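The values are calculated or read from the model by the stated rules, or taken from the named source; none is laboratory data. All values reported here derive from a predicted model rather than from experimental measurement. Don't worry about glycine lacking a Cβ; one is built from the backbone with ideal geometry, like all the others, and counts go over all protein chains shown. What goes into the accessible areas is simple: the full protein's heavy atoms, side chains included, and nothing from ligands, DNA or RNA. Shrake-Rupley method; radii C 1.70, N 1.55, O 1.52, S 1.80 Å.
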Amino acid sequence: MRSARDSRTPVGIAAIGLLPIPAALMIDSGDAIEFIAANRAFEATGLGPAAKRSAIVYQLSDTIRSFLASDRLSQDFQWQWGDAVERRHYLVSLARLKIRSGGRFLLTLVDQTVERRTERNLRREMMTDSLSGLPNRTGFSDLLETMLDANASNPAQFAVLIVDLDRFSRINACLGSLAGDELLITVARRLKGALRVRDTLARTGGDEFGILMTLDDGPEDAEKVARRIQDALAAPFRLSDFEIRVACSIGVAFGSDDIETPEDLVRHAQFAVKRAKTSGIVECYQSRAHDQARRQFSVETELRRAIENNQLRLAYQPIWDLGSGKIMKFEALARWRNENGADVPPGEFIQVAEESGLIVPLGRWAINEAARTLADWDHRFGGPCGVDLTVNLSAIQLQRDDIAAQVEQALVTHGISGSRFTLELTESALVSEGDAIGRTMRELKALGTTLAMDDFGTGYSSLAYLQKLPIDLLKIDRSFVTGMLVDRDKIAIVRAILSLAQALGMRTCAEGIETTELNQTLAALGCSLGQGYYYSAPLEAESAHQFMVDHRA
């Protein structure tokens, strides 16, 4: 076939007809890529000029033009054409023709479909257990590697279970290998029925099965599947004239950052199986990371229940005016005693609450509870009790909740003036939120609240943020206060913070005061407020009220 733009006999047409493989002479006219000639082998592919719409033209135009624009004389690449059922695999070769009129090139096709299908079938056979039709050990490792690579940022989302049949060798010895094979096929069916649709079952050894599963709700998912497997295998199996009961040992390994290869995870699960054979229960591979993850998940589960059932409480630590020696505020601190009667350290459950998002309902509860307590103290005093309350805010709360609305609702509900509330925010929260935190702080200031920067000096604070944000109070972190009397660097830092606050018109509060000397020194340096065990440990609401009454008297 000849291009409409070139009536001359193109060079190479005769040669094309002699080629045993599909070949076509083509030209890029600028407006379109067109056929000049094609041999019979090429026409037989259905891709030539006789095609109503040649896939060569509309799928490979960009590749062809990129080749023609380069200095290369030839180029080879793989190309697939057709739907999933009729897909063909070709090796495409482009060759530039050295003639005066440019844009001409020779395109040849090598059909590799048969080789690709054969290769795919061989690979499938290599990856599949011939008895059960399940993935074998190699196929299981390949699937595991693919899944882990696709979710490298969250390896703890996956678990591997190894199920090992107990005393299977005796069945083979007594009933023969055919009965053993029949048993394995039946076991595979029961295991499949005990799994979720998205879980992967494989036969990883003679009487060993592997399961790859995703964890939607943490380690509990794997434990639930293990129990279902045990229940599924509890019913007896009928082999010939015998009724056989099969027990199994189950080992579980959870993904973690220290897993280097998929085989590591499988080996961990197999190691847990060995322990399960001794203990008689489902065993999980133990590692420090896994123990910590399980602990955090357990704390999260219990904390969620504690928030829903109103089982947390606030403790109140007094904040003193270093000049007058009077109680000015109480800082409200969340405390939690779990269902076993053990106190969970705030540093542990606050971190879990922030990572899980539970800090939002926890923070709402703390704001409302603090306002309710202050209103109760006022009522018992017959008027304002003379102290304010301080509540901590988290960066997660600022991101996900309408803090100003929550504070306003608590103040209105309990009849508390905004000037009686101080809200503490960490440096990292102030910096990370940028303009959004500025808007929130202005809304809080409009309610009359006092705004404090907590743990000042330990984060990302800068003069720009201190000048831009409406901060009233800087809290000097305890790490600078503790030991400042014997550390020149620490006392220099404290002096600098006090001078900075004075220049910006802010008050200061030193945390971690535990001795008379620290109290007197900070007062002499001009620090406004002090807080620490020198004055009092955090107190329950009733004890804090009595403490306030005693010192007011």
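Residues in the range 508-533 that are under 42 Å from the mean Cα position of the chain (by Cα) and among the hydroxyl-bearing types (Ser, Thr, Tyr) were compared, and the one that is surrounded by the fewest Cβ atoms within 10 Å (Cβ to Cβ) is 533. For residue 324, the conditions (1) outside any helix (DSSP H, G or I); (2) touching a helix residue (DSSP H, G or I) at 6+ places or on another chain (Cβ under 7 Å); (3) not aromatic (Phe, Trp, Tyr) are fulfilled apart from (2).
I'd like to check something: does the range 394-402 contain any residue that is in contact with an Asp or Glu (Cβ under 7 Å, 6 or more places away or on another chain) and in contact (Cβ under 8 Å) with a residue 60 or more places away in the chain? No, the range 394-402 has no match at all. Taking the numbered list (1) over 42 Å from the mean Cα position of the chain (by Cα); (2) of a type outside the set (Lys, Arg); (3) open to solvent by 50 Å² or more (accessible area, probe 1.4 Å) in turn, residue 75 passes all entries but (3).
I need the full set of residues from the range 79-91 which are surrounded by fewer than 11 Cβ atoms within 10 Å (Cβ to Cβ) and not charged (D, E, K, R), in order please.
The first filter runs over the range 79-91 and keeps only residues surrounded by fewer than 11 Cβ atoms within 10 Å (Cβ to Cβ), leaving 83-86.
Of everything in the range 79-91, those that are surrounded by fewer than 11 Cβ atoms within 10 Å (Cβ to Cβ) and not charged (D, E, K, R) turn out to be 84, 85.
Could you list all residues from the range 169-214 that are part of a loop (DSSP other than H, G, I, E, B), crowded, with 16+ Cβ neighbours inside 10 Å and out of contact with any Gly (no Cβ under 6 Å at 6 or more places or on another chain)? Spell out the reasoning first.
We begin by selecting, within the range 169-214, every residue part of a loop (DSSP other than H, G, I, E, B); these are 176, 195-199, 204-207.
From what's left, crowded, with 16+ Cβ neighbours inside 10 Å: 195, 199, 204, 207.
Hits for the range 169-214 are 195, 199, 207.
The residue pairs whose first member lies in the range 60-78 and is closer than 20 Å to residue 112 by Cα, whose second member is part of a helix (DSSP H, G or I) and among the hydrophobic types (A, V, I, L, M, F, W, C), and whose beta carbons are closer than 6 Å, counting only pairs six or more residues apart or on different chains, are 75/67. I'd like to verify a number: residues in the range 1-49 that are among the basic types (Lys, Arg) and modelled with pLDDT of 80 or more, how many? Final tally of qualifying residues: 1. Close Cβ contacts (under 7 Å, 6 or more residues apart or on different chains) running from residues in the range 126-151 that are within 14 Å of residue 201 (Cα to Cα) and in a loop (DSSP other than H, G, I, E, B) to residues that are among the polar types (S, T, N, Q) and at pLDDT below 85 are absent.
The single condition from (1) at pLDDT 95 or above; (2) surrounded by fewer than 15 Cβ atoms within 10 Å (Cβ to Cβ) that residue 411 fails is (2). Applying the selection to the range 385-421, what residues are part of a helix (DSSP H, G or I), of a type in the set (Ser, Thr, Tyr) and closer than 17 Å to residue 451 by Cβ? Passing the criteria: only 419. Would it be correct to say that residue 25 is closer than 14 Å to residue 107 by Cβ, touching a residue at least 40 places away in the same chain (Cβ under 8 Å), more than 52 Å from the chain's Cα centre (by Cα) and open to solvent by less than 20 Å² (accessible area, probe 1.4 Å)? For residue 25, the condition - closer than 14 Å to residue 107 by Cβ, touching a residue at least 40 places away in the same chain (Cβ under 8 Å), more than 52 Å from the chain's Cα centre (by Cα) and open to solvent by less than 20 Å² (accessible area, probe 1.4 Å) - is met.
All of 295, 267 fail the test of being at pLDDT below 85, open to solvent by 50 Å² or more (accessible area, probe 1.4 Å) and out of contact with any His (no Cβ under 6 Å at 6 or more places or on another chain), apart from 295.
Scanning the range 380-408 for residues that are touching a helix residue (DSSP H, G or I) at 6+ places or on another chain (Cβ under 7 Å), open to solvent by less than 20 Å² (accessible area, probe 1.4 Å) and under 22 Å from residue 543 (Cβ atoms) gives 385, 387, 389, 391.
Can you tell me which residue in the range 102-128 is nearest to the chain's Cα centre (by Cα), limited to those that are among the β-branched types (Val, Ile, Thr) and crowded, with 17+ Cβ neighbours inside 10 Å?
Let us first name the residues in the range 102-128 that are among the β-branched types (Val, Ile, Thr), namely 108, 110, 113-114, 118, 128.
Those left that are additionally crowded, with 17+ Cβ neighbours inside 10 Å: 108, 128.
Working: 108: 49, 128: 32 Å.
Result: 128.
Filtering 198, 203 for residues that are farther than 18 Å from residue 137 by Cα and basic (Lys, Arg) leaves a single hit, 198.
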